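Participant: I am attaching a structure below and will ask some questions about it afterwards.
Coordinate-derived values only; no laboratory data. This structure is a prediction, so every number in the text was calculated from the model and none was measured. With ideal geometry, Cβ positions are generated from the backbone for all residues, glycine too; neighbour counts draw on all protein chains shown.
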Amino acid sequence: MRRTFIKKEGVVITTLARYLLGEKCGNRLKTIDELATECRSSVGLTQAALKTLESSGAIRIERRGRNGSYLVE
């Protein structure tokens, strides 16, 4: 039997994608710290996973500084 391993970033991307699919456009997203805790990963890895999703065109996030980040599409 052959085992397939997924990199940790791939697991975090999948977890974030599931979370974002449940969110409506215009909703405020959880903080990076909250997302990292849910994904059981570091803040840096969580930020990298979000950037990967954004750069691939899967999502678009509007950052409003202290007011948080919002899902645009």
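Participant: Over the chain, what is the relative contact order in whole percent, taking alpha-carbon pairs under 8 Å and six or more residues apart?
Facilitator: Normalised by residue count, the contact order of the chain is 36 percent.
Participant: With Cβ to Cβ distances under 13 Å as the rule, what net charge do the other residues near residue 69 carry (K, R +1; D, E -1)?
Facilitator: +2
Participant: While we're here: Near residue 7, which lysines are there with a Cα under 21 Å away, not counting those fewer than 8 places off in the same chain?
Facilitator: Counting by Cα, and skipping residues close in sequence, residue 7 has these lysines nearby: 51.
Participant: From the P(r) of the chain, can you give the percent of Cα pairs sitting at distances over 21 Å?
Facilitator: That tail contains 23 percent of the Cα-Cα pairs.
Participant: Can you tell me the dipole magnitude for segment 8-71 around its Cα centre, using point charges on the Cβ only (Lys, Arg +1; Asp, Glu -1), in Debye to the nearest 20?
Facilitator: 140 debye
Participant: Report the gain in length on full extension from residue 14 to residue 72: 0.36 nm times residue separation, minus Cα-Cα distance, nm rounded to one decimal.
Facilitator: The span from residue 14 to residue 72 would gain 19.0 nm if fully extended.
Participant: Just name one of 36, 26, 61: the one whose Cα is farthest towards the positive end of the charge dipole of the chain (beta-carbon charges, Lys/Arg +1, Asp/Glu -1).
Facilitator: Result: 36.
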